[in-house]
Each structure stands twice: as C-alpha cells, then as structure tokens.
1. Out of the GluC sites (Glu not before Pro) in segment 143-203, which ones are loop residues according to DSSP with at most 13 other C-beta atoms within 10 Å?
2. Helix 282-291: angle to the longest alpha-carbon principal axis of the chain, degrees 0 to 90, nearest 10?
3. How would ILE121, ILE295 line up from fewest to most surrounding beta-carbon atoms within 10 angstrom?
4. Using DSSP loop states and a limit of at most 16 other Cβ atoms within 10 Å to flag trypsin sites (Lys or Arg not before Pro), what is the longest stretch of the chain containing no flagged site?
5. Amide H to amide H under 5 Å from GLU162: which residues, 5+ apart in sequence or cross-chain, H placed 1.01 Å off N in plane?
6. How high is the relative contact order of the chain, in percent, with contacts defined as C-alpha pairs under 8 Å that are six or more residues apart?
7. Report the gain in length on full extension from LEU297 to HIS39: 0.36 nm times residue separation, minus Cα-Cα distance, nm rounded to one decimal.
8. List the lysines whose Cα lies under 28 Å from the Cα of LYS330, skipping any in the same chain that are fewer than 8 positions away.
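Laboratory data are not the source of any read-out in this text; all were calculated from the coordinates shown. The model shown is predicted, which means the values in this text are computed figures rather than measured ones. So basically every Cβ, Gly included, is an ideal-geometry build from the backbone, and we count neighbours across all protein chains shown.
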Amino acid sequence: MSFGDIIGQEELCERLGTTIGQTVAQSFLFTAPAGMGKHLFADELARSLVCSNPTKSGGCGKCDNCVYFKAGTHPDVRRYETDKGKKSISVATIREDLIPDTAMASQIADRKVYIINIGNIELKYQNLLLKVLEEPPRGVVFILLCTDASLVLPTIMSRVVEFKMRPYTEEEIFKILSKHNEADLPEDKLRFFSSFSAGIPGKGLTLMGDEDFISEREEVFELLLKIPKRDYAGLMYEDFEFFSSRQDRISDILLLMMWFLGDLSSLLASMDTKGIRNTDKVDRMRAFLSENKGITLKNMYNASEAVTAFNRDVKARVNFEAACCTMLLKMKKEFT
Ligand SMILES: [Zn+2]
C-alpha cells in the first residue's frame, strides 16, 4: 500500500507526499466523518515517517521498518484508539502511558509515531496533551484523528497541521468497492451501493457485506409494490411493524423507499433507464406500472412527499406510530 494505491483524495495524497520530503511538522490531524478512510491515511503517513527510504508516494515497503510496520509489530508506532473495552481514552492512559512513553527513545526507526484518536478523549482532558504537542520530544510525531474538528480543543487545533478529506465521488467509491468485492457482487449492485454511500466509502463497504441491508432492500421493494392491493389491516399492522422494528435504521429504509419511488417516476415519465438507481429491478418496476395504469406522476410525487414528511417527523421525534401510519395511508391513497 502507498499513497499512489489509494483511490481518490488526490490533493490530500499530494500534500502528504510533499510533507514526507520536508522537515516534518510534528503534529498532524486528520478530520473526516467515519468511513472516509482516515486510518488508512494515518497508517500510510506513519509508515512513511518510520521508513528508512521513503518517497513521495509513501514507505518503500522493503526496509526493516516497513516490514515490521506491515506485520503490525513496529515498536516505534503506537496507537491509541480507545482504552480496552471502553469507548474513550482515559486520563490514566494519557498520564501514565502515553506521555511517559514519548520521553523514551525510539528503538528501530529514527522517529516515534503516535496515532491518537483525539475524538475519543474528552475535551477537558485534551489539555493534558498540550505540552507534548507544543514541544514534542525530539523525533516524536503525533498523528491525531477525529470525525469532526468541533471535538478538538481550539488550542490543539492551533498546534497541528490539519488534513481535511473531501467526500468521494460515486465513481471513486465504485472503484473502492470493486477492489473489495470478495462476494463477487454484480456491477449493478456495486453501482447501487456506491451511490447509496453518499460520498463515504466505509458506508458502501459495510452495506455490501450486510445481509440484513441487502434483504431489507428487497423487503422495502416488495412492500412498496404490494401497497395497491393492501387492505387497511395489512398496512396498519404488518407494514407498520416492518418500519417499527427498524427504527434504528429508519433513515436508510426511507432513503431506499425514496429511490424506488424516484425510479418508478422516471420509468413512468420515459422509456429511458438512464439515471435509474435500482437497475436490477427495472423489469419488476415496469410490470408494476403496467398493472397499475391509473398511477400518475402526480401520485408518485405525492407518495414521495409522504415519505419525506415521515422522515421529517422522525427527526422531529413526532410520535412514530402516528407518523408512520399517516405515510402508509397517504401512499395507499396515491397508489389506488
Ligand atoms: Zn521502508
């Protein structure tokens, strides 16, 4: 792995490449939402910092340092993600482990690198790091990570070189997913996951291996197609139950519904399948439209509005049952 092998984030790779060749600033911070690959970049930067013959594209991959790093046993690269079994890094870990460790000399490399998820340190305890960040012991480099700069004290922000990550394009995510396509999913499914990830490759990678999500997508689709024939009890009990039991993932479920409705509208408006997101469902969707000839574009628009309103209500913490049943009844009205 080197910066050149990383898909996307070209500007960031360029900046990192330049950084490696220079007299190194001693503290860096990567800010990006979860799933953007911060750890990948932090790792590659760490490897180039300990490598004996680094180039602009990262570590050489051959020296002892690179070999130890790859095996995960480099003694001069220390990671602080959370305390074992906890969700944060404690004061004790900072005071009794991390800070004293920075005072000890490196063992193999010319530098010691600390990869620290600063987002997992409470703001009031981040102050403990100020002194080492301001005057790091010779040869010590800090690579900090966080999902959002608001999780980091301004006094720390002023002492680090910040690397921001931009959202990935759909095409870049598609390339990343293709590279990790162990289950050999067909291209149309990969395209679907790429666009569902909304710029965050980690989301696509999680979803493509998530059997629950894959079967839920099928269930959402079936549920939608059944609405014209559904009776009141079916809507209020079975369909409601489907949403009610998935409240923790409701935003993904509603997004799936919006996409199916969007595709149905596109197919209703034109024979062209350009822009269709659920390409594997085109035949079923066309069959649905020919069985339900009375459904107009206006009906589709109103059905989408009902889903949008439900989504808004969920976010506003309106009574879930009332909001969900309202959506289902509105959709039934539009589809009949
Ligand atoms: Zn090397």
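1. GLU182
2. Computed tilt is about 20 degrees.
3. Going from sparsest to densest Cβ surroundings: ILE295, ILE121.
4. 139-245
5. The list, which skips near neighbours in sequence, is LEU29.
6. In percent, rounded to a whole number, it is 15.
7. Result: 88.3 nm gained on full extension.
8. LYS226, LYS229, LYS281, LYS293, LYS298, LYS315
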